[in-house]
Each structure stands twice: as structure tokens, then as C-alpha cells.
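Presented below is the structure to which this report refers.
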Amino acid sequence: MYRVKTFNQIAAQGLARFPEGAFDVGPDTSEPHAILLRSHRLVGNDIGADVRAVARAGVGYNNVPVDECTRQGVVVFNTPGANANSVKELVLTALLLSSRDVLGGISFVGSLGNVHDEAELHAEVETQKKRFKGHELKDRTLGIVGLGAVGSLVASAALDLGMNVLGYDPALSVDAAWRLPSTVRRMEGTGPLFARSDYVTLHAPALPENRGMIDATSLAGFRQGSVLLNFARQELVDEAAVAEALASGRLSSYFGDFPSVALRESPNVFATPHLGASTTEAEENCAVMAVDQLRDFLLYGNIVNSVNFPQVALDPAGGHRIGITNVNHPGMLGQLTAVLADANINVIDMINKSQDDVAYNLIDLDTPPDAALIASLEGIEDVMNVRVFDPV
């Protein structure tokens, strides 16, 4: 039986996908083979000797010590795209609120609690409503930085609203390109995108090269009075530069999902408390995806959506399956197959993939691997671990 320790509350729809009787799952599970979590900050002591995988039910994984996991040969999963629609809808909310002073209007109406005469109330409303006049999104230009799962959904929704959409993504995948509407105009850099956009929304990962991408220099190229939206990562924005841009009028407003002390006193800053994935549907989708990936790895060794291991999937071919993780050095595969040949074991099927310094092998054998064979494989220098799976 596989043991899975959970941190945080994981949606029941996800937990139900663990086969009953084959998995022991819960917050009190000891000596786990895997860890399933949401926002809990994992530390090295949480990762016991038996842990084979960590699954994060969400996109961000800065709460998981990925480098330490990689050194131990532990696979780390996340769930890209599972909460994309939830984030998209929050971005659309911000777009609409930035073009119409709905929040100011609601606050104004709430301030009229001392007016009890209906005619007087309506007269006051008619007199003051011009203070909250806005404009339509139709025919305005939205610039999207990052055209992945969320960015492509935002692009489609903005086009449905009649907006002109510009997009920039230097690492656009083939799958993302297929999802992207053909009417999105691809830009060759952020500079031209910023210069032509009435609204800019960020959907880029917090890679080292993206940190602080919105700084004083880039903001100087924004249209006067434009709107910046950041529902991706707080680190993408130099908040001091944003505060200056708001004070000068270069930015008319800044909407984000990351409350900040640095921007608390700045005008026209609207921050939500990390609500991007805070919908029932997103939590369920993330849990289902995380459990499916974890289950498929523990049962069959397949890896999908790992942040530190290559993607590997091998259809069952019968026989007995082993998974081997090793340092990605030349000649390692030959050493592994030599051990199998010396043991007179036939390989039915196999796959070998690498990512950075890690290589991963799934091998189906015609003979059950015994303790001596596993010991021989583990004894090869730079082999990190050997896993034995139930017959496939």
C-alpha cells in the first residue's frame, strides 16, 4: 500500500481518485511515499527517506524545496492550467473595474445612508454619478505578456469583448500556440507591446530573467495613463517604480493579487488577497490533476508536469517495471543495460529521458527483479535511486 501524507485541505474530488485499498492518504500518515500539498511550506525534514514524489495542487511551487528534492531523486509535480480559468475571470474583473469606477460608485452609494427620502436619494445620485464615468473596453488595446494557459484564455476573452489584443512570449510552446486565437498580434518584444497598449496584463513565470521586468525603464515606455495588471507573480514588478509611475500619471491604476506595504499608500492601487485560484472549481481541478499525476507515478512510474524531472510516459507492455533515476552523465544508460544483460534479463520495453542534471529511465523486464539485481543497479556510481513497481 502506498502512503500519501497531505498538508492543507485537499478537495475531496481529488482525494477520491486514489484507488481504495491501495493508498493510505491523510494528514497523519507516517513514513509517506509521497506528499500532497497546496500552500504549506515544505522543509527538508518533511521529506523522509521513503518519499518518492511531492505534488503541489497549484501552479506555483516556491513553497517546495525543489533543489533538495532533486538531490534526493524526488519528483516534484505541479498543476499548470488547472486554475487558469479562475485566474482569467479575476483578470477580467480587474479589467472591467479599471475602466469603470464601480468601486467608487458603490462606496458613494454606501455613504448615503443618512438620506432617507427616496426623491432626495435619487436626486443626489443623478447629480453625482458623473464622478464615476468611465469608458468601454471595446476597441481598446490589451497587451499580454505571457501566452500560456492563463494568457491565452485572457486573450480569447478580451477578443470577445471587442478589444485589440497584442501578445508577447519568448518561450511560446507548440501547445500554447495552438490554443492562441489567430487574431492575437504577436509582438517581438515587450517595448513595442507596452507602447501600444492601453492595458498591460502579466502572465509570465517568476524566472530569474523575469524578476523586476516592470521597472522604471520599461514603465517609461508605457502609454500615459495606461493600466497595469499583475495576477501572475509579485516578483515581476519593481514596486517602487510602479509607485512613481502612479504618482506621475504614467499609470492610471495598478491591479494585482499581491498586497504590498510598498504600494499601500500609493493612489489607485487595487490589491486582492491572493484570490487568483480561490474558487471551488480551481481547487477541485488542481486537486484532481495533482492526484492523477501522483497516482500514475506511484503505480507506473510515469511523469507528467514535473518541475524538476523530464516528462516520461511508457504504456504498459506486460512484465515487471523498474524506474531508475541517475545523474545525467554520458554512458549511464550503457551501464544500466549491462547490469541487466549480465543478469540474463530481457528488456521488453524502455524509455530514457533527461532534464538538466537528472536522467530518468522506465524499463519493463520479462523477469521479476530480485534484491540482488536492485542492489547491483543501486551500486552503480551516480544512480540516485531504483524503484520497483507492481507488474504492469
Give me the percent relative contact order of region 92-226, please, defined on Cα pairs under 8 angstrom at least 6 residues apart.
23 percent
Once region 261-392 is represented by equal point scatterers at the alpha-carbon sites, with solvent omitted, what log10 I(q)/I(0) does the Debye formula produce at q = 0.11, 0.13, 0.15 Å⁻¹?
-0.50, -0.62, -0.74
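Highest mean first, how do 341-348, 359-366, 184-191 rank when packing is the count of other Cβ atoms within 10 Å averaged over residues? Numbers along the way, then the final one.
Values: 341-348: 13.1, 359-366: 21.6, 184-191: 14.6.
Taking the mean over residues of other Cβ atoms within 10 Å, the ranking is 359-366, 184-191, 341-348.
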Need the C-alpha centroid separation for region 185-244 versus region 247-304, integer Å.
18 Å
Assuming R0 = 51 Å, what is the FRET efficiency of Ser278 and Ala371, from their Cβ-Cβ distance, to the nearest 0.05?
0.60
Starting at 0 and stepping by 10 Å, how many percent of the alpha carbon pairs of region 201-266 end up in each bin?
23, 60, 17
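Relative contact order of region 91-147: what whole-number percent is it, with Cα pairs under 8 angstrom and at least 6 residues apart?
Taking the mean separation of contacting Cα pairs over the length of region 91-147, I get 50 percent.
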Name the residue farthest towards the positive end of the dipole of region 1-160 from the options Leu103, Leu36, Gly60, assuming +1 on Cβ of Lys and Arg, -1 on Cβ of Asp and Glu, about the Cα centre.
Gly60
Just to be sure I follow: if Rg is taken over the C-alpha atoms of region 121-228 and Rh is the Kirkwood radius over the same atoms, what is Rg/Rh?
1.10
Cβ-based charge dipole, region 134-235, positive-most Cα from Leu229, Leu166, Leu202
Leu166
What does the accessible area of Ser30 come to, in Å² to the nearest 10, when a probe of 1.4 Å is used?
80 Å²
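Using the Kirkwood radius over Cα pairs, work out the Stokes-Einstein diffusion coefficient for region 79-171 at 4 °C and 1.567 mPa s, in µm²/s as a whole number. Intermediate results must be reported in sequence, preceding the final value.
Values: Rh = 15.7 Å.
Estimated diffusion coefficient is 83 µm²/s.
Can you give me the % of accessible surface on the chain that is carbon or sulfur? Probe 1.4 Å, all protein chains present, nothing else counted.
Values: 9410 of 19090 Å².
Roughly 49 percent, rounded to a whole number.
Multiply the residue separation of Glu31 and Arg17 by 0.36 nm, subtract the distance between their alpha-carbon atoms, and state the gained length in nm to one decimal. Walk me through the numbers on the way to the answer.
Working: separation 14, 0.36 × 14 = 5.04 nm, distance 2.12 nm.
Result for the pair: 2.9 nm of gain on full extension.
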Please check: in the Gaussian network model of the chain (C-alpha springs, under 10 Å), which one of Phe297, Phe18, Phe108 has the largest mean-square fluctuation.
Phe108
Any chance you could give the angle, 0 to 90 degrees and rounded to 10, that helix 118-128 forms with the longest Cα principal axis of the chain?
80 degrees
Under 16 Å from a point placed 7 Å out from the Cα of Ala216 along the Cα-to-Cβ direction: which residues of region 250-271 have their backbone N that close?
250-251
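Enter the per residue convex hull volume of region 298-376, computed from alpha-carbon coordinates, in Å³ rounded to the nearest integer. Can you show the working numbers first?
Working: hull volume 7.2 nm³, N = 79.
Dividing the Cα hull volume of region 298-376 by its residue count gives 91 Å³.
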How far is the Cα center of region 4-52 from the Cα center of region 102-169, in Å?
42 Å
Descending accessible area (1.4 Å probe), largest on the left, turns Thr93, Thr217 into Thr217, Thr93
Picking from Lys138, Lys88, Lys130, which is most flexible by a Gaussian network model of the chain using Cα springs under 10 Å?
Lys130
For the chain, what's the relative contact order in percent, using C-alpha pairs closer than 8 Å and at least 6 residues apart?
15 percent
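Hey, can you find the accessible area per residue of the chain for me, probe 1.4 Å, expressed in square angstrom?
On the way: 19090 Å² over 392 residues.
Using a 1.4 Å probe on heavy atoms only, each residue of the chain averages 49 Å².
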Looking only at Gly249, Gly167, Gly143, which one moves most when the chain is put into a Gaussian network model with springs between Cα atoms under 10 Å?
Gly249
The chain, convex hull of Cα, quarter of hull surface, nm² -> 24.4 nm²
Translational D in µm²/s for region 183-300 (Stokes-Einstein at 37 °C, 0.692 mPa s, Kirkwood Rh from C-alpha pairs):
206 µm²/s
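The values are calculated or read from the model by the stated rules, or taken from the named source; none is laboratory data. Here the structure is a predicted model, which is why all the values come from computation and not from measurement. No Cβ is skipped: glycine too gets one built from the backbone with ideal geometry, and neighbour counts run over all protein chains shown. Just so you know, the surface numbers come from the protein's heavy atoms only, side chains and all, with ligands and any DNA or RNA stripped out. Shrake-Rupley method; radii C 1.70, N 1.55, O 1.52, S 1.80 Å.
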